[in-house]
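J.: Have a look at the structure that comes next, please.
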Amino acid sequence: MHTFLMTLAIISSILIIIIVMLQESKSGGLSGLTGGAEELFGKQKVRGAELILQRVTIILALIFFVSLLCLTWLKF
């Protein structure tokens, strides 16, 4: 079980990195911190491939988080 959870955590972490790198940037980097609050909190409708990438990122993050929690629980 430990090996399965460790493999799941490693694979999900690699996939998270790849999926996040595929997503388009939503701001101009650190310039978004100094101003432009209306852009930050504005309603943005996401469609198509961006929506799929966001959902896959959320699912992979949950898998990663749960697998690490289970690994920690198995240590005790």
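The values are calculated or read from the model by the stated rules, or taken from the named source; none is laboratory data. Worth saying up front: this structure is predicted, and the values here are computed from it rather than measured. Using ideal geometry, Cβ is built from the backbone for each residue, glycine included, and neighbour counts are taken over all protein chains shown.
J.: Check segment 63-73 and report whether any residue there is in a helix (DSSP H, G or I), modelled with pLDDT of 95 or more, surrounded by 15 or more Cβ atoms within 10 Å (Cβ to Cβ) and among the aromatic types (F, W, Y).
T.: yes
J.: While we're on this one: State which residue pairs qualify: first residue more than 22 Å from L60 (Cβ to Cβ) and inside segment 21-32, second residue at pLDDT below 65 and not in a helix (DSSP H, G or I) in any location, beta carbons under 9 Å apart, and separation of 6 or more residues or different chains.
T.: Every condition considered, the pairs that remain are S27/G36; G28/G36.
J.: If we keep just the residues of segment 3-19 that are within 14 Å of V66 (Cβ to Cβ) and in contact with a Leu (Cβ under 7 Å, 6 or more places away or on another chain), which is surrounded by the most Cβ atoms within 10 Å (Cβ to Cβ)?
T.: Among residues in segment 3-19 that are within 14 Å of V66 (Cβ to Cβ) and in contact with a Leu (Cβ under 7 Å, 6 or more places away or on another chain), the one surrounded by the most Cβ atoms within 10 Å (Cβ to Cβ) is S12.
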